[in-house]
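Report on one structure; see the data block that follows.
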Amino acid sequence: SQKIEQNSEALNIQEGKTATLTCNYTNYSPAYLQWYRQDPGRGPVFLLLIRENEKEKRKERLKVTFDTTLKQSLFHITASQPADSATYLCALARENQGGKLIFGQGTELSVKP
Amino acid sequence: EPEVTQTPSHQVTQMGQEVILRCVPISNHLYFYWYRQILGQKVEFLVSFYNNEISEKSEIFDDQFSVERPDGSNFTLKIRSTKLEDSAMYFCASSPTGVVAKNIQYFGAGTRLSVL
């Protein structure tokens, strides 16, 4: 069955540094890979989407890469701020599967001032 | 900014009772979803709904679950006879039309269901 793994449960970094989060998947061929942010007790909030034929996407301080050969996505937050502290979720989707998103377990990011 | 609204924010029920969780998706969206998240676990897909019918459902979405769009604005999830293991946060989501855009889902704040 498909499996999505995100790197270490918690990532602690200093304000101003770049946070790099990893999403690896097996037994799956997604057409889209997405990153969401989730704050405690809240629903996921969409951040970025990248398609299988794209290598990299950027939005302000966020960057995502997608390597379908390695079956891996990297999510970067540059110039991190304490307000970036949250859990970040990787989600995969296929075409023609009714929009079903398969989520990873998330990586909790803590940015210290 | 438009948002997905879910009510109630917290529902407490006795095992075996029926519950209905309510959602108002973003008004011009046509794709609707329910997910659940058991405390400390990953967000899990339950069902997707488009054009007044279920598009896809997971193994979790068995005969005890049903969805309905009773009018032009609400989208509901019914659990007929709740079990202890149904205790979770339930998220409603919606997405707009468009080949790529329909994959971007906007989530509500969730309903915490506690089954006693």
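Data for the structure
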item	result
Residue in the stretch B:45-64 that is open to solvent by 40 Å² or more (accessible area, probe 1.4 Å), facing chain A (nearest Cβ under 10 Å) and hydrophobic (A, V, I, L, M, F, W, C) present	yes
Strands (runs of 3 or more DSSP E) enclosed by the stretch A:1-101 - at least 2 residues per element that are within 12 Å of chain B (Cβ to nearest Cβ)	A:3-6, A:32-38, A:45-51, A:86-93
Complete set of residues in the stretch A:90-100 that are of a type outside the set (D, E, K, R) and either out of contact with any Phe, Trp or Tyr (no Cβ under 7 Å at 6 or more places or on another chain) or more than 11 Å from A:TRP35 (Cα to Cα) (or both)	A:ALA93, A:ASN96, A:GLN97, A:GLY98, A:GLY99
Tally of residues being without any contact (Cβ under 8 Å) to a residue 40 or more places away in the chain and either within 7 Å of chain A (Cβ to nearest Cβ) or open to solvent by less than 10 Å² (accessible area, probe 1.4 Å) (or both) across the stretch B:101-116	2
Failed item, numbered, when A:ASP67 is tested on (1) open to solvent by 70 Å² or more (accessible area, probe 1.4 Å); (2) touching a strand residue (DSSP E or B) at 6+ places or on another chain (Cβ under 9 Å)	(1)
Near pairs, Cβ below 9 angstrom, 6+ apart or cross-chain, from the stretch A:3-25 (under 14 Å from A:HIS76 (Cβ atoms) and open to solvent by less than 30 Å² (accessible area, probe 1.4 Å)) to any residue that is at pLDDT 95 or above and of a type in the set (Asp, Glu)	A:ALA19/A:ASP84
Subset tally (residues that are over 21 Å from A:LEU89 (Cβ atoms), over 15 Å from the mean Cα position of the chain (by Cα) and within 13 Å of chain A (Cβ to nearest Cβ)) for the stretch B:8-44	0
Subset of the stretch B:65-87 [over 11 Å from the mean Cα position of the chain (by Cα) and either surrounded by 20 or more Cβ atoms within 10 Å (Cβ to Cβ) or on the phi > 0 side of the Ramachandran plot (or both)]	B:THR82, B:ASP86
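The values are calculated or read from the model by the stated rules, or taken from the named source; none is laboratory data. The shown structure was predicted, so the numbers you read here are calculated from the model rather than taken from an experiment. Please note: Cβ atoms are built from the backbone with ideal geometry, for glycine as well, and neighbour counts cover all protein chains shown. These accessible areas exclude ligands, DNA and RNA; they are computed on the full protein's heavy atoms, side chains included. Shrake-Rupley method; radii C 1.70, N 1.55, O 1.52, S 1.80 Å.
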